[in-house]
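Shown next, in structure tokens, is the structure this report addresses.
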Amino acid sequence: MAAIDLANPTRFLTLANRALPWLAAATVVVFAVGLYRAMGAPDDYQQGATVKIMFLHVPTAWLAMFGWGLMSVAALGTLVWRHPLADVAGKAAAPIGAAFTFICLITGSLWGRPTWGTYWVWDARLTSVLVLFLLYLGVLALYWTAEDPGRGSRAAAILTLVGAINLPVIKFSVDWWNTLHQPASILRMGGSAIDPSILTPLLIMAAAFTLLFVTLHLAAMRNEILRRRVRTMRLMQAQEIPA
Amino acid sequence: MNLGPHADFIVAAYAVTVFVVAALIAWVMLDHSAQRRILGDLEERGVTRRSQRSGS
């Protein structure tokens, strides 16, 4: 099957229906392995057992940014090529990305209290992730409240592309400014600074959360295609009623 | 497994994550069944899309 064939919503639905059970099963298996390894990981020499929060916080932080990156590519597809599946992909990713960003913020706050002594500080990393969360809510508001779905989609796509400026700010905030948040310790020049006994379960949990994101996104895209079919059929039904 | 003196924070972090992920999964599944039900109702009433009428 050529990649262009997937651009047809009916073919996409067929593929999604086939792939979703396998993706869901893979997500459950990888989560089981990841949680088993995470619970068995040793305590950090400085942070003690609170390092276990990292197995939730770091993957959700990555996926919060991945979600916006995905929406940015979809926004280009909506604005430049006007492809309906691109808009479907962007709209379906927004609530999932918002939920992952919310988890990232809450788990970060719960990790910060015992390690930093505070739930929240207005440093560059925390503030830029909060801005990302607010941007997600803004995009959701545009999608869900616009009377004309087409105009809502274009406005959401523009906000998404403007908001993409925030992604490098989040990534490099710990390098550009003096922050309470620690600098990068995994994706950095010179390799990871984390011991393999903690890094391995972290990477498995990251794979599990990524599979969860992909599964939920595919399922949400399928729902959005069905929602658009319902809308089209209702419009046709309304047109057929004699005046 | 000993979670140490900050067990409450660790348990709270996992509880919040489980709750939000469960809510996401429930939303996706309920939305799917709702859309399927509405589509079924419309098709029962004889409403079809243009592509279905042309047989493609």
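Values quoted throughout were computed directly from the atomic coordinates according to the rules given, and no laboratory measurement underlies them. Model, not experiment: these values are computed from the prediction. Please note: Cβ atoms are built from the backbone with ideal geometry, for glycine as well, and neighbour counts cover all protein chains shown.
Over the protein assembly as shown, DSSP H runs of length four or greater, each weighted -39,500 (n - 2.57), average out per residue to a 222 nm ellipticity of -26500 deg cm²/dmol.
So what is the relative contact order of chain A, in percent, for Cα pairs below 8 Å that sit 6 or more residues apart? Can you show the working numbers first?
On the way: 260 pairs, mean separation 73.8, N = 243.
Relative contact order, chain A: 30 percent.
Compared with the dominant Cα axis of chain A, that is its longest principal axis, helix A:196-240 is turned about 20°. Measuring max minus min along each principal axis, the C-alpha atoms of the protein assembly as shown give extents of 74, 37, 36 Å (largest first). The modelled label-to-label distance for the pair A:ALA184/A:LEU137, using points 7 Å beyond Cα in the direction of Cβ, is 2.9 nm. Scanning chain A for chymotrypsin sites (Phe, Trp or Tyr not before Pro) lying in DSSP loops with no more than 16 further Cβ atoms inside 10 Å, the longest uninterrupted stretch between such sites is A:46-118. Seen against the Cα atoms of chain A and their longest principal axis, helix A:166-176 is set at about 10 degrees.
The Cα-based radius of gyration and maximum Cα-Cα distance (Dmax) for region A:97-168 are 14.8, 48 Å. With a 10 Å cut-off around each Cβ of A:34-43, the average count of Cβ atoms from other chains is 1. Extension gain, B:LEU3 to B:GLU44: 0.36 nm times the residue separation minus the Cα-Cα distance gives 9.1 nm.
Against chain A, whose longest principal axis comes from its Cα atoms, helix A:9-40 is set at around 10 degrees.
Each Lys or Arg adds one and each Asp or Glu takes one away; over the other residues whose Cβ falls under 15 Å from the Cβ of A:ALA146, this sums to +2. Counting neighbouring beta carbons within 10 Å and listing from fewest to most, the residues A:GLU147, B:GLU43, A:GLU240, A:GLU224 come out as A:GLU147, A:GLU240, B:GLU43, A:GLU224. Here region A:171-212 is scanned for amide nitrogen atoms under 12 Å from the site 7 Å beyond the Cα of A:VAL33 along Cα-to-Cβ, giving A:201, A:203-208.
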